[in-house]
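Chemist: So that we are looking at the same thing, I have put the structure below in structure tokens.
Derivation of every value follows stated rules applied to the coordinates shown; laboratory data play no part. Small disclaimer: the values here were computed from a predicted structure and weren't measured. Here the Cβ is made from the backbone with ideal geometry for all residues, glycine too, and neighbour counts use every protein chain on show.
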Amino acid sequence: MAWNEPGNNDKDPWKNKGGKNQGPPDLDELLNDLGKKVSGIFGGKGGKSSGGSTPSGKSFSSIGISLVVIIALVVYAFSGFYTIKEAEKGIVLKFGQFSGTVDPGINWKWTFIDRIIPVDMQSTREMQSSGFMLTQDENVVRVDMQIQYRVVNARNYIFSVTDAVDSLNQSLDSALRYVVGHAIMDDILTSGREQIRQSVWKELEKIIEPYNLGIMIVDVNFKDARPPNEVKDSFDDAIAAQEDEVRFLREAEAYARGIEPRARGRVKRMEQEAIAYKDRTVLDAQGEVARFEKILPEYQAAPEVTRQRLYIATMEKVYSNTSKVMVDVEGGNSMMYLPLDKIMQQQSTTQRTAPQSYSQPQQPDLNSSPASSGRNDRFNSGRN
């Protein structure tokens with residue numbers, strides 16, 4: 001039966017405590033009891049009564065200590081978890097001494113014993129160096145150079161030198177000034193920029209190699225090179241003149257490349273024409289020889305007939321290519337002239353005008369020629 005049922009209040013815990021009928025406990029008394037128990041946990045004597053230490057105080061002290069220890073262990077265990085990013089690698093230090101490396105992911109360490117230093121291994125970093133430098137030909141030039149690098153060995157990057165980035169920066173300045181000091185200004189400003197870049201890259205790797213910085217040079221960029229502002233205009237004119245020189249050389253080379261093939265073509269054509277003329281002449285000579293060789297037996301058989309036939313053929317060939325004919329009259333000093341060119345020209349003119357005038361073509365008067373007057377007189381006297 002419950003202590004608070006109606007009609008039966010004898011079992012009320014706040015009543016008859018210690019054999020006495022009393023009300024609820026006093027708040028001050030409750031706080032005093034709690035203070036004595038806490039002081040007993042930390043070695044106090046508040047838990048003792050007049051008759052000696054109570055067993056309930058000792059039990060409460062052992063439970064409290066256990067709870068504190070458990071809570072401390074849980075907090076310590078959870079505080080040891082840490083995360084290394086995907087692009088990083090962790091350096092583990094145990095009491096300040098290198099102990100190893102850890103890969104990306106969730107890991108656990110001994111708090112207050114281990115120390116983790118994350119190092120970015122995949123990002124490409126940049127570094128720049130610039131300043132006024134003296135060239136080999138004793139000119140002052142301002143050069144801007146930029147490099148890109150990446151960490152490849154985390155342990156060397158952290159422990160080889162005090163500050164790997166500062167060491168790399170000083171090495172870059174040293175390499176750049178060494179290369180510029182062994183080059184002339186024209187090469188730095190114009191055509192030798194690529195060679196300067198390659199030389200700086202090679203010299204920088206040579207300088208940092210003994211220090212084992214754990215760094216790899218990815219690229220070197222030659223950003224700018226210019227003379228001091230006080231002489232910039234003069235250098236601009238000099239650079240423009242050099243650019244004009246290069247342009248004129250390129251134009252001359254282009255002109256030469258355009259002329260040379262045509263000249264070679266003309267030479268080849270003249271050679272081919274000469275060879276063709278040679279072959280044609282040789283073949284014509286061989287044909288003439290063959291023709292005379294065929295005529296020789298005929299000439300030996302009938303010399304007079306063959307001679308007359310050759311003469312007639314030759315004259316026919318000659319007269320077919322001329323428009324004037326001279327005829328020598330036998331037995332006299334006169335010569336007959338036949339103006340065939342005039343006759344043919346007059347006939348062609350008459351044929352063009354005949355459809356318009358409907359006139360008969362006039363025949364030329366052969367006797368009107370002065371050269372034929374003597375011939376006509378002699379011809380008429382011969383007839384009589």
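Chemist: Could you work out how far the C-alpha centroid of the range 286-319 sits from that of the range 199-262, in angstrom?
Modeler: Distance between centres, Cα-based: 83 Å.
Chemist: Beta carbons within 10 angstrom, averaged per residue: use that to sort the peptides 184-191, 289-296, highest first.
Modeler: Descending packing order for the listed peptides: 184-191, 289-296.
Chemist: What does the charge add up to near ASP279, with Lys and Arg as +1, Asp and Glu as -1, over the other residues with Cβ less than 13 Å from its Cβ?
Modeler: -1
Chemist: Something else: Taking the beta-carbon count within 10 Å as an exposure proxy, list SER66, SER320 from fewest neighbours to most.
Modeler: SER320, SER66
Chemist: Turning to a different aspect of this structure: Report the label-to-label distance for TYR277 and GLU243 in nanometres (one decimal), using points 7 Å from each Cα along the Cα→Cβ vector.
Modeler: 5.3 nm
Chemist: Still on this structure: Using the Cα gyration tensor of the range 125-227, with a ≥ b ≥ c the square roots of its eigenvalues, what is the shape: rounded (a/c below 1.5), prolate (a/b larger than b/c) or oblate (neither)?
Modeler: Since a/c reaches 1.5 and a/b is larger than b/c, the shape of the range 125-227 is classed as prolate.
Chemist: Fewest Cβ neighbours within 10 Å first, please rank TYR255, TYR157, TYR299 accordingly.
Modeler: TYR255, TYR299, TYR157
Chemist: Taking amide H positions as placed 1.01 Å from N in the peptide plane, with prolines and chain starts having none, which residues 5 or more places from GLU88, or on another chain, fall under 5 Å of its amide H?
Modeler: Answer set, sorted by chain and number: MET121.
Chemist: For TRP108, TRP201, which order do you get if you count the other beta carbons within 10 Å of each Cβ and list the fewest first?
Modeler: TRP108, TRP201
Chemist: Turning to a different aspect of this structure: Counting Lys and Arg as +1 and Asp and Glu as -1, what is the net charge of the other residues whose Cβ lies under 15 Å from the Cβ of LYS232?
Modeler: Counting the neighbours of LYS232, the net charge comes to -3.
Chemist: Something else: What does the charge count around GLU209 come to, taking other residues whose C-beta lies under 13 Å from its C-beta (Lys +1, Arg +1, Asp -1, Glu -1)?
Modeler: 0
Chemist: In sequence order, what are the phi-derived ³J(HN,Hα) couplings for the range 103-118 according to the Karplus relation 6.51 cos²θ - 1.76 cosθ + 1.60 with θ = phi - 60°, rounded to whole Hz, with x for glycine and proline?
Modeler: Couplings: 8, x, x, 8, 9, 10, 9, 7, 5, 6, 10, 9, 10, 10, 10, x Hz.
Chemist: Now, a different point. Spin-label point model (7 Å from Cα, Cβ direction): what's the VAL68 to GLU304 distance in nm?
Modeler: The modelled label-to-label distance comes out at 16.9 nm.
Chemist: From the phi of every residue in the range 273-279, what ³J(HN,Hα) in whole Hz does the Karplus formula 6.51 cos²θ - 1.76 cosθ + 1.60 yield, where θ is phi - 60° and glycine or proline is x?
Modeler: 5, 4, 5, 5, 4, 4, 4
Chemist: On full extension of the chain, what length is gained from GLN345 through VAL231, given 0.36 nm per residue of separation minus the C-alpha to C-alpha distance?
Modeler: Between GLN345 and VAL231, full extension yields an extra 32.4 nm.
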